[in-house]
Each structure stands twice: as C-alpha cells, then as structure tokens.
Amino acid sequence: MNATPMNDAVNTDRPICLLVCALGGEGGGVLADWLVEVARRAGHAAQSTSIPGVAQRTGATTYYLEFAPQPLALSGPNAGRRPVFSLYPVPGQVDLLVSSELLETARQVSLGVTSPERSRVISSSARALTTAERMPLGDGRLDSARLAEVIRQGSREHQLLDMAALTQSAGTVVSAVMLGAVAASGVLPFGRDLYEAVIGSGNKAADASRRGFAAAYAQVQRQRAQGEALRAIVAAAPVAAAQPAAPALPEAAAGRFPAALHPLIALGHARLVEYQDAGYAALYLERLQQVLDAERAADPHAAQSFALTREMARWLALWMAFDDIVRVADLKRRADRLARIRREARAGDGDVVQVWDHFKPGIPEIAGLLPAGLDGALQRWDTRRQQRGRKPWSLALRLGTHTLRGALALRTLSALRALRPHGQRWAEEQALIGRWLAAVVDATGRDWAVGHELALCGRLLKGYGSTHERGRATLLHVLDELAQRVPFASQAERAAAIARARNAALADDSGRALDQALVSVGAAPRPLREQPIRFVRRRPTAAQPAAGS
C-alpha cells in the first residue's frame, strides 16, 4: 500500500514539503486533514499548519504540510524517534505547491516560495476575480497567459487544469479534486488506494468526492506522461452537447464586406435579428457600410486590415441591442438559463428547483416603451416627486419563473418588443447612435486614427439603467469636446487625446480621472448633474437639547 506512484527517488535526509493554497470556504482544511490521515495510515509522520483567510470566499487560506519520506521505525536504533518539522515553508524549498486559483498560484510563486530547480506546481486554470479586477469599467482582468508564464518560470514542472470544471462535473468540492492532483503528482510516497480510503464511500458526498479525485488524478497523470506541462488542459465532463454552428452572414450582404470581417459582422447581425427583427439587422449593415466606405477612402490599400470597421461592428451591435425590460425578460425566460441554473444547483432529474426573479423597474424603464407624449408626462411626474424629497418611483416585483404565472408574465413582457420602435427610448437611442456614427464617419474622412479612436469609444457603453446613461453621456461629451470643439495642432494629437480620455473613463468610474484628462487638453469637464438636497428633521436627544430651550 505504500508503493510510490511515478515519484522520483525519495531523499531520506529531509522532509517532503507541500503547500496548499485555497480560497476561504473551499475545503482546504479538509484536504490537509485527508493528507495527514493518508500519512498516518502509511506509517509516516506528518505535520500541518494553516493560515486562514479573512472571510469566506475572499481571503486566501494556505496550508503547509511536511511529511517524513520514510515510515517511522518500529524497531532498531531509531525506534521511537520522530522527525522535527517546520511550521512555515522556507522560500525555495517547497517540493509541491497545489492551488485552486491561478492568480493565487502566481502570487505564491512570485514571492519565491517555489524554485525552478526543485518545485512542482499544480494549479487550477480557473480564476476568481479580485475586487481590483472587478472595479474598472473596462476589462480589468489580469492576463491569464502572463500568470501561467510566471508559474512556468518559477517551477521545475507544472500542470494546469480547470479544477472548477472538474468540481462542477463531479458534483463535489474542490478539495477532493486537489487531493487527486496531489496523489497523481508522485511527490508523496503513498499509493492511490490510501488516498481513496480516507475519502470513504457508501454515501452521496463520498462518491462525488471520489469522482472528483479520479478526474483530477487522470488529468495530472496524463499531463505528466505526455509532457504537456506548458499548456492548460480544460476538462468538460460530462461530454457537452455539440455547440451550434456559428451564424453566417446573409449571402446578399457577404459580398459587401471583406471576408475577414464576416464572422464578427455575422454575430452582430444575428444578435440584432434575435433582439428585434431582420429589418433592424439590415439597418445595422447599412450603418456599418457607411463606416466601411469611409475607411476604404482613408485607407485604400487596407494597411490597417479594416480595424476601424471591425471595432464598429462590435460596439455598434452592442449599442443597438441596448438593454431594456423587454430584453431582460426575454433572457430570463429562456430554457437554457433554467437548465444552467439546474446544473449549478446540482439538481437531479427528480429534484424540484424554484427560481425567483426580482425586478424593480422605474419610470425610465416603463416610460421608455411609451410614445413621446406619455413618456414625457411620466418623467415630469417623477421629477416633481423627487423635487419634493421623495425617492424615484419604482415597482418591486418578485416573479417565480418556475411557475406558470411567472413564466407567462415574462413571456408577456418579452412580447412587448413590437412596441420598441414606437417608444421614446428607441427614438432617443437611435438618434444618439446616429450622432456617434456620423462623428466616426466624419473623423475617418479627415484622419483614420481619429476615426478609429472614436470607434473604440463604444467601449464606454456599459450595463443597464443609470450605468448605461452615464456611459452614454461620457461618450457624447468626448464627441462634442475632443472630436469637434477643442483645436489641436495635429490630428495625431487629437487621436491621442481621445485615447487618453477613453482610458481614463474606463479606469475610474467616479469620472475624476476623465475630467482631469479633458481639462489637460483644454476641454470642458463633464457638466455637473443636479442632485436633490433632502433636509431631514432630527429629534433632539437628551445630550442635545432642542434649539431655544
């Protein structure tokens, strides 16, 4: 039972050092207990030390373990003698680092815990985004490829596998998957049967843990045997259904656009057909044709590989498919969403899953589907309420999507898409899209780089409700100030100023960085928005008598 699987020659002069890194709530303590129990059953001495994180699912929790490479002597001159272990890892002396999150693995490697000469690293390729990555309005995620390169440079051998996918497919917790990875690494001199014995069997939880253990064991063993340590292997078990074919651009439109742009334009076209109808998708192609014509005039030899039209194809489709209550209801009623919820809840065929969706539409969302006259009346009514110190009106709804009543309500809301073209919100969004489109086409005619930067400003459009309104206002302010009003010595300076303003807006949601970038080139900062001031009467306390007493 103590046979060593695929392990190197064991050094009997020093303990085997293992560092486990997990997020709070992932069962790292259970994994450490399992490993100590495996060693005990094999007759080896072991010690475990843990440093917990600050909270569930937030702080990183590390567990440091040391194992005696040989069983304790029961007879002879060394009988009764026990090794002395360290409580903390020595930099560069860890034999195996196993981690459930890619950034945490790279962080430990960058701190010098591992060494290229000695250490093996097994890490999940999955990410749990940090708060700093979630805060920017743009894509604040760290580059996973760069994190993997840090791991490669700081280890003698490494394997990357999607532990999150393995955990979900097995219906277990990540600690069982990490145990399988440790067992297959060959670093510890214990056989697979010992690891499986400490997991147990005979109940649903233990059987799921065994499935996760076996899946991770097979992946790590396969990677080691094949020598594919430089690329991540993502498991997708059970085998997923075949993915639908990518949408194709209509034949009538295909000849109007370069072949290299067809996949992206086809996605935008399909999105808008689904969002509204074929006529709306045709409008998308007409708008995009204006951009392509302007780019061909500015770059007749296609030296930029139609990069401007490519960006417009992306961001124009997203803006034209702006979110509203119809879109939200349509997304929530789809069968694939309910199927995903059942998978995430690990519900069996006979299990009942209840799904409650919460809505809180306000006057802007409701009035947006109404004609201009009714829309304006509702908006003015709500404005007067707020001026009297009351909160904006909203309607709190709680719908059971799993019920017939809730499903019919969502279906009714999604059927209101026929009202979109007649509503004030539609007219407003189309007018603003037209302003952006005209600015891009006009700027491209004067300088390709300026047009390209204005096209990239489509990234400023984010989210739903007030978030969308702020991004839209920012984009239009950049158009008015940097594309038109402010004079520049050259078009290159104008393009650079637009890029700085856009990046500042994406990096700081408060808008202060954007205002600074605008002022630095002579542009006006964003106009201040009116905010109601509410005076609240406060009753005097015993320590603070009323005025005049």
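Picking from residues in the stretch 344-365 that are among the charged types (D, E, K, R) and either without any contact (Cβ under 8 Å) to a residue 12 or more places away in the chain or under 30 Å from H468 (Cβ atoms) (or both), the one that is least open to solvent (accessible area, probe 1.4 Å) is D357.
If you go through the stretch 348-386 and keep only what is over 23 Å from L408 (Cβ atoms) and part of a loop (DSSP other than H, G, I, E, B), you end up with G348, D349, G350, D351, P371.
Within the stretch 133-156, does at least one residue satisfy the condition of being at positive phi, in a loop (DSSP other than H, G, I, E, B) and in contact (Cβ under 8 Å) with a residue 60 or more places away in the chain? No, that holds for no residue.
Condition check: within 30 Å of R340 (Cα to Cα), surrounded by fewer than 20 Cβ atoms within 10 Å (Cβ to Cβ) and among the β-branched types (V, I, T). Does T172 satisfy that? So T172 fails the test. Applying the set (1) farther than 20 Å from Q47 by Cβ; (2) of a type in the set (G, A, S); (3) open to solvent by 40 Å² or more (accessible area, probe 1.4 Å) to S86 leaves exactly one unmet item: (1). For the stretch 304-313, the condition holds for at least one residue, the condition being that it is under 30 Å from Q290 (Cα atoms), of a type in the set (S, T, N, Q), in a loop (DSSP other than H, G, I, E, B) and open to solvent by 40 Å² or more (accessible area, probe 1.4 Å). Checked against the criterion of being open to solvent by less than 10 Å² (accessible area, probe 1.4 Å) and within 24 Å of S394 (Cβ to Cβ), the stretch 430-444 contains not a single residue that satisfies it.
Within the set R271, R287, the sole residue that is part of a helix (DSSP H, G or I) and modelled with pLDDT of 95 or more turns out to be R287. If you go through the stretch 217-268 and pick out every residue that is at pLDDT 50 or above and surrounded by fewer than 12 Cβ atoms within 10 Å (Cβ to Cβ), you end up with 11. Pairs are defined by a Cβ separation below 6 Å, a sequence spacing of at least 6 or placement on different chains, a first member in the stretch 290-317 that is in contact (Cβ under 8 Å) with a residue 24 or more places away in the chain, and a second member that is of a type in the set (G, A, S) and not in a loop (DSSP other than H, G, I, E, B); the pairs so defined are A294/G445; L308/G451; L308/A455; E311/A455; M312/A455; A313/G268; W315/G458; A317/G268.
The values are calculated or read from the model by the stated rules, or taken from the named source; none is laboratory data. The structure displayed is predicted, hence computed values, not measured ones. Neighbour counts are summed over all protein chains in view; Cβ atoms, including those assigned to glycine, are modelled from backbone coordinates with ideal geometry. When the accessible area is computed, the model is the full protein with side chains, heavy atoms only, and any ligands, DNA or RNA have been set aside. Shrake-Rupley method; radii C 1.70, N 1.55, O 1.52, S 1.80 Å.
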